[in-house]
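**Student:** Have a look at the structure that comes next, please.
Bear in mind these aren't lab numbers, they're just calculated from the coordinates by the rules spelled out. This one's a predicted model, so the numbers in the text were calculated from it and none came from an experiment. For neighbour counting, all protein chains shown are included, and Cβ atoms are generated from backbone atoms with ideal geometry for every residue, glycine included.
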Amino acid sequence: MELLVWLFPLGERSRARLVELLPASRLVFKSGRCALPVSDPLLPRVLAGGDGFWVAGQSVFSRSELSRFRHFEAVCRRVVPEGKRDHEKNLATVEATPKFGPDGTAGIRLVRGFVLTRITLKPNVVAAIGGWTNECVVGSEVAQAVREAGFSGFQLLPVTHPKTGVPYADFSHLFTEAILPPATLDPSVETIRSRFPEENGALRHLGCLSYAAGDLYQRPDFNRSAEPWASWWGFPSWVVSARVAALFKRAKLSGWHFRPVLEVGSATYDQYLRSWQELAQHVAEGEKTTFDGGRW
């Protein structure tokens with residue numbers, strides 16, 4: 001496992017610092033960011049001055065490590081757009097759904113009853129409803145594949161047209177009531193400090209979800225996290241078994257990106273923990289430098 005640190009310079013002095021310290025062959029920007037391994041001795045020197053950086057961490061796993069993971073966080077990369085009236089109705093449904101969760105967390109919402117005026121989606125695709133939820137519409141091929149695979153823990157709920165109230169025949173809302181125990185809070189989880197009350201104090205996950213040894217045993221194939229990692233609206237993350245991830249690859253289903261879920265105490269997690277501890281220390285010492293991105 002390797003932790004890549006993606007640096008977004010917050011001014012010309014920070015960009016000049018990268019140019020000064022990094023060889024030209026390593027000065028490669030993607031979406032305005034330049035990457036360094038957390039173990040690179042140049043990293044603390046880069047962060048030591050300038051205008052500061054936004055920092056994001058990317059955990060990179062070997063093929064051998066990926067083959068040993070039992071669970072993955074399913075991150076939706078596609079969106080089904082809402083119309084204005086769709087959004088108004090869906091927002092009202094979300095706000096009418098009470099939050100629940102363990103003590104000390106903001107709580108999650110498990111929302112039913114979404115509407116969409118139009119769904120343009122291929123049969124083999126999963127897509128999030130709107131750009132603000134983590135609730136997924138699945139096409140008919142996805143629905144058929146998960147049924148035939150005999151997966152546990154999921155339901156396929158109707159998505160209806162807001163005017164007619166008629167459910168779509170070829171699309172379903174993927175749903176589960178299976179909730180995982182609380183995730184492990186480690187240096188890859190940040191407490192947000194904000195002037196906005198709805199953000200201040202919320203937890204933001206910057207890396208991979210991790211769970212105590214045994215918490216993922218004998219779980220259904222489809223689960224939701226106990227924390228609202230997907231949105232401050234209260235949407236939990238999806239955590240699925242390796243069998244689900246394998247089916248998506250084998251059956252050429254798309255729309256979900258699979259991020260490994262780690263088990264505390266494993267050798268991979270120990271390396272992950274050391275890497276994030278090192279990065280958190282660098283960020284704390286870096287002038288005007290803060291973490292960026294993540295889920296919360």
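**Student:** To the nearest Å, what is the center-to-center distance of segment 72-112 and segment 268-286, using C-alpha atoms only?
**Tutor:** Centre-to-centre distance over Cα atoms comes out at 31 Å.
**Student:** In sequence order, what are the phi-derived ³J(HN,Hα) couplings for segment 2-9 according to the Karplus relation 6.51 cos²θ - 1.76 cosθ + 1.60 with θ = phi - 60°, rounded to whole Hz, with x for glycine and proline?
**Tutor:** 10, 9, 8, 10, 9, 10, 10, x
**Student:** Quick check on the exposure proxy: order Arg147, Arg219 from fewest to most C-beta atoms within 10 angstrom. Could you put the intermediate results ahead of the total?
**Tutor:** Working: Arg147 11, Arg219 19.
Exposure proxy ranking, most exposed first: Arg147, Arg219.
**Student:** Starting from the amide H of Gly255, placed 1.01 Å from N in the peptide plane, find each other amide H under 5 Å away whose residue is 5 or more places distant or on another chain.
**Tutor:** Placed amide hydrogens put Val126 under 5 Å from Gly255.
**Student:** Which pairs break 30 Å Cα to Cα here: Lys89/Lys122; Lys89/Lys249; Lys99/Lys252?
**Tutor:** In this structure, Lys89/Lys249; Lys99/Lys252 exceed 30 Å between Cα atoms.
**Student:** Right, next: Rg (Å, one decimal) plus Dmax (Å, integer) for the alpha carbons of segment 153-296?
**Tutor:** 18.1, 58
**Student:** For Ser152, enumerate residues with amide H under 5 Å from its amide H, sequence gap 5+ or separate chain, H modeled in the peptide plane.
**Tutor:** Placed amide hydrogens put Asp221, Phe222 under 5 Å from Ser152.
**Student:** A further question on this structure: On the principal axes of its Cα set, how long, how wide and how thick is segment 67-263? Give whole Å, largest value first.
**Tutor:** That gives 46, 42, 22 Å along the principal axes, largest extent first.
**Student:** Please list 3J(HN,Hα) in residue order for segment 69-75, calculated via the Karplus relation 6.51 cos²θ - 1.76 cosθ + 1.60 where θ = phi - 60°; whole Hz, with x for glycine and proline.
**Tutor:** These are the phi-based 3J(HN,Hα) values: 6, 8, 9, 9, 7, 8, 10 Hz.
**Student:** Another question about this same structure. Go through 84-92, 133-141, 258-266 and give me the packing order, highest mean Cβ count within 10 Å leading.
**Tutor:** 133-141, 258-266, 84-92
**Student:** Which translational diffusion coefficient, to the nearest whole µm²/s, is obtained for segment 110-178 from the Stokes-Einstein equation, given a Kirkwood hydrodynamic radius over C-alpha pairs, 20 °C and 1.002 mPa s?
**Tutor:** 174
**Student:** Which angle from 0 to 90°, rounded to the nearest 10, does the C-alpha axis of helix 84-96 make with the longest principal axis of the chain?
**Tutor:** So the helix axis and the longest Cα principal axis differ by about 90 degrees.
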